[in-house]
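The values are calculated or read from the model by the stated rules, or taken from the named source; none is laboratory data. Only a predicted model underlies this, so the values are computations on that prediction, with no experimental measurement involved. Quick reminder, even Gly has a Cβ in these numbers, built from the backbone with ideal geometry, and neighbours come from all protein chains shown.
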Amino acid sequence: MRMIDIIIKKRDGGKLTYKEFEFIAKGAAKGFIPDYQLSSWLMACFLNGLDEEETSYLTKAMGFCGKRLDLRSIRGLKVDKHSTGGVGDGISLALAPIVASCGVCVPMMSGRGLGHTGGTLDKLESIPNFQTRLSYSHIINQLRKIGVCMFGQTQELAPSDRKLYALRDATGTVESIPLIVASILSKKYAEGIDALVLDVKFGSGAFMKRYNDSKKLATALVKTANSLGIKTIAVLSNMEVPLGRAIGNSIEMEQSIRILKGEKIAWDFEELLYTLCGYMIYLGRKARSVDEGIEMAQKSVKTYRALEKLREMIKWQKGDTRVCDDPKTFLPRAKIVKEIRAFRDGYISKMDAYTIGWASVVLGVGRTKAEDEVDPRAGIWLDKKYGDYVRKGDLIASIYGSDFKKVEEASEMFKKAISIDERRSKRIKLISEIIKL
């Protein structure tokens, strides 16, 4: 089999076989196909597309090209959740322990932040000493003992995705839906899960801004995952404004712990959190309906079972469990604070997630390049949200950082993301649609 023949076949609109996708995935993982040929093939796929069967073949080939987690020794269905990313989207931090406390096994492989969207691993690692690089034996043992583990992708798991992802970013082929689907699902397929709940976002702070584009992606993800034997649903959620009140790493971890301690912090965060929990518990066959799953999730928080499950996970992964008792004391927080106050009376009519996300990157919350370091202490706390009424001088947000210049720059960006009007704006509908096929 020659790569040049596969490139020409796809260039001319031909349909590739599973064996050809398997050859490409192995070649990308092991390095025997040069980058210039992989780049050429990616562009041919971008221009001519992949049909549903080809997308499934590519996903499976990428999932099988490395080592797979074997979770068969663990009782019950294994259910994961994936978000396409947004601003303030720390849902997984509270969701994983809630769902696990309801009896569902949750192996959650997570990623790091890049650009204006945060990464779950960065947030978890703001807990002092918390470990996300775990061996296969540790992951399986932890899942067997406590039913939840949140970890990073290993070098052996879907290794072709690392190569192809980097090349897509460098060759202008990122926006191809089949390639996005294969990238996301190959890792989930290699993870060995039975079911998956997707949070596919649209709006200013989302990867895909337009609703129709996000719906196409969600539909393709659900179809492909189901074809691979992973029972999947997708929630389409709005990312026009930041989710919750916290944007950052330790600050989002603090928010999630406070929610697990029973605090009512932000209606939008809780609505999405419990909806996703409900679907995961239902797909894990621990509830007879999604509504029953939501009730179970809410009860686990009220009875502090979810908080204790988080404490167990932190202990297993070598972190400081004192954060569960007093997150403000034991999670890091930057010392420099800039308060943003209302410049007039009125309703907050705009709170642009994209601009606020990039303001957090300036603070050091995120990365502009994969190798950048993040500042776990930096972040933004929203004292007011979109739609709230404010009087002149009221505190809208607090900006935390470790560098005076960066705090000032981020503050000016934040101010540009805000509008205050006399009339109240229409309330944003958070969850627009559920895709289940």
By residue number, the members of the range 403-425 that are under 27 Å from the mean Cα position of the chain (by Cα) and at pLDDT below 95 are none
Taking the criterion of being under 21 Å from Gly76 (Cβ atoms), touching a residue at least 60 places away in the same chain (Cβ under 8 Å) and among the polar types (S, T, N, Q), would at least one residue in the range 284-298 satisfy it? no
Looking only at the range 319-348, which residues are over 28 Å from the mean Cα position of the chain (by Cα), of a type in the set (A, V, I, L, M, F, W, C) and more than 23 Å from Ser360 (Cβ to Cβ)? none
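Residue-by-condition table, conditions (1) modelled with pLDDT of 95 or more; (2) surrounded by fewer than 16 Cβ atoms within 10 Å (Cβ to Cβ); (3) more than 20 Å from Lys406 (Cα to Cα):
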| position | (1), (2), (3) |
| --- | --- |
| Val301 | yes, no, yes |
| Met313 | yes, no, yes |
| Trp316 | yes, no, yes |
| Val323 | yes, no, yes |
| Ile336 | yes, no, no |
| Gly346 | yes, no, yes |
| Gly366 | no, no, no |
| Leu382 | yes, no, no |
Sole residue being modelled with pLDDT of 95 or more, more than 23 Å from Ala218 (Cα to Cα) and small (Gly, Ala, Ser), chosen from Ser101, Ser135: Ser101
Does at least one position in the range 404-412 carry a residue that is in contact with an Asp or Glu (Cβ under 7 Å, 6 or more places away or on another chain) and surrounded by 16 or more Cβ atoms within 10 Å (Cβ to Cβ)? no
Residue within the range 289-299 that is hydroxyl-bearing (Ser, Thr, Tyr), more than 30 Å from Val362 (Cβ to Cβ) and not assigned by TED's automatic domain parsing to the domain that holds Leu382 present: yes
In the range 297-396, which helices (runs of 4 or more DSSP H) lie fully inside it and hold 2 or more residues that are farther than 30 Å from Tyr165 by Cβ? 305-316, 327-330
The one condition Lys60 fails out of (1) more than 13 Å from Ala182 (Cα to Cα); (2) among the basic types (Lys, Arg); (3) in contact with a Phe, Trp or Tyr (Cβ under 9 Å, 6 or more places away or on another chain) is (1)
Any pair with Cβ under 6 angstrom, 6 or more apart, that starts in the range 185-212 at a residue that is under 17 Å from Ala158 (Cα atoms) and ends at one that is of a type in the set (A, V, I, L, M) and part of a loop (DSSP other than H, G, I, E, B): Ser186/Ala158; Lys187/Ala158; Tyr189/Leu228; Ala190/Leu157; Ala190/Ala158; Glu191/Leu69; Gly192/Leu69; Gly192/Leu71
Residue identified as without any contact (Cβ under 8 Å) to a residue 60 or more places away in the chain, farther than 21 Å from Arg344 by Cβ and of a type outside the set (Gly, Ala, Ser) among Asp372, Asp394, Asp388, Asp403: Asp372
If you check Glu292, Glu263, which single one turns out to be outside any helix (DSSP H, G or I), of a type in the set (Asp, Glu) and either crowded, with 23+ Cβ neighbours inside 10 Å or more than 20 Å from the chain's Cα centre (by Cα) (or both)? Glu263
Being in the same structural domain as Val106 (by TED's automatic domain parsing), modelled with pLDDT of 95 or more and closer than 16 Å to Gly85 by Cβ narrows it down to one of Val181, Val148, Val174, so name that one. Val181
Per the list (1) farther than 23 Å from Ala218 by Cα; (2) free of Cβ contacts under 8 Å to residues at least 40 places away in the same chain; (3) among the β-branched types (Val, Ile, Thr), residue check on Ile140 breaks on (2)
Any idea which residue in the range 1-58 is surrounded by the fewest Cβ atoms within 10 Å (Cβ to Cβ), counting only those that are basic (Lys, Arg) and in a helix (DSSP H, G or I)? Lys19
The residue that is farthest from Gln153 (Cα to Cα), considering only those in the range 109-124 that are among the aliphatic types (A, V, I, L, M) and crowded, with 24+ Cβ neighbours inside 10 Å, is Leu124
Selection from the range 66-85 of residues that are on the phi < 0 side of the Ramachandran plot, in contact (Cβ under 8 Å) with a residue 40 or more places away in the chain and outside any strand (DSSP E or B): Gly66, Lys67, Arg68, Leu69, Asp70, Leu71, Arg72, Ser73, Ile74, Leu77, Thr84
